[in-house]
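The values are calculated or read from the model by the stated rules, or taken from the named source; none is laboratory data. These numbers were taken from a predicted model, which means no experiment stands behind them. Cβ sites come from the backbone with ideal geometry, for glycine too, and all protein chains shown count toward neighbours. Heads up: the accessible areas ignore ligands, DNA and RNA and are worked out on the full protein's heavy atoms, side chains in. Shrake-Rupley method; radii C 1.70, N 1.55, O 1.52, S 1.80 Å.
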Amino acid sequence: MRDYNTPEELYNAISIRAKVFMYVEDYYLLRKEDEIYGVISIVNGKVYINQTSFIGKIVLTKSFNQQVLKDFIGSVLINYKNEVKKDSKKIRISFENKDTEIYKELIQSLIELSFIKVAELKDELTIGQDVLIYDYFY
């Protein structure tokens, strides 16, 4: 899943490399030994008018329980504030609301991590495709 405003084309190898070298987006891996189970990216907001950092992409390569997803997101939030952007006031996540189990688990994890639902945009992408926006305040 990805931020609904970010085209998939911005996640090709060249774009990711450029984002890393320009310090625009940070990537966090969930891994066990040499196997990668997931990736979360945070766009640091410095290239946007409101300067709000947001979760750009979540990729899960394996199926695992909700507690692991929640712990992964929680550790990314803590590390980002402590190590990357110390003056960060909030992190935003926005995504298409799909009625699947992984999205339900994501929403439940966000709520348990104290994310606040700030908007639900009805028919934002097309009829029947709503967008949810959650904010996490430090």
Exercise. Among 55, 16, which is closer than 17 Å to residue 93 by Cα and among the aliphatic types (A, V, I, L, M)?
Worked result: 55
Problem set entry | Residue list for segment 23-36, filter: open to solvent by less than 100 Å² (accessible area, probe 1.4 Å) and not hydroxyl-bearing (Ser, Thr, Tyr) | 24, 25, 26, 29, 30, 35, 36
Exercise. For segment 85-138, which residues satisfy the criterion of being of a type in the set (A, V, I, L, M, F, W, C), assigned to a loop (DSSP other than H, G, I, E, B) and within 20 Å of residue 44 (Cβ to Cβ)?
Worked result: 113, 115
Problem set entry | Failed item in (1) within 19 Å of residue 110 (Cβ to Cβ); (2) free of Cβ contacts under 8 Å to residues at least 40 places away in the same chain, with residue 48 passing the rest | (1)
Problem set entry | Whichever residue in segment 78-101 is among the hydrophobic types (A, V, I, L, M, F, W, C) and free of Cβ contacts under 8 Å to residues at least 60 places away in the same chain and, among such residues, is most open to solvent (accessible area, probe 1.4 Å) | 78
Seminar exercise, completed: Among strands (runs of 3 or more DSSP E) completely within segment 1-84, the ones holding 2 or more residues that are touching a helix residue (DSSP H, G or I) at 6+ places or on another chain (Cβ under 6 Å) and aliphatic (A, V, I, L, M) are 35-43
Problem set entry | Yes/no for residue 57 being within 16 Å of the chain's Cα centre (by Cα) and in contact (Cβ under 8 Å) with a residue 24 or more places away in the chain | yes
Problem set entry | Failed condition for residue 73, given (1) open to solvent by 40 Å² or more (accessible area, probe 1.4 Å); (2) within 20 Å of residue 101 (Cα to Cα); (3) hydrophobic (A, V, I, L, M, F, W, C); (4) out of contact with any strand residue (DSSP E or B) (no Cβ under 6 Å at 6 or more places or on another chain) | (1)
Seminar exercise, completed: Screening 20, 39 for residues that are free of Cβ contacts under 8 Å to residues at least 40 places away in the same chain and either under 24 Å from residue 133 (Cβ atoms) or exposed (fewer than 11 other Cβ atoms within 10 Å of the Cβ) (or both) leaves only 39
Seminar exercise, completed: Out of (1) open to solvent by 40 Å² or more (accessible area, probe 1.4 Å); (2) of a type outside the set (Phe, Trp, Tyr); (3) closer than 27 Å to residue 124 by Cβ; (4) modelled with pLDDT of 90 or more, the one residue 59 does not meet is (4)
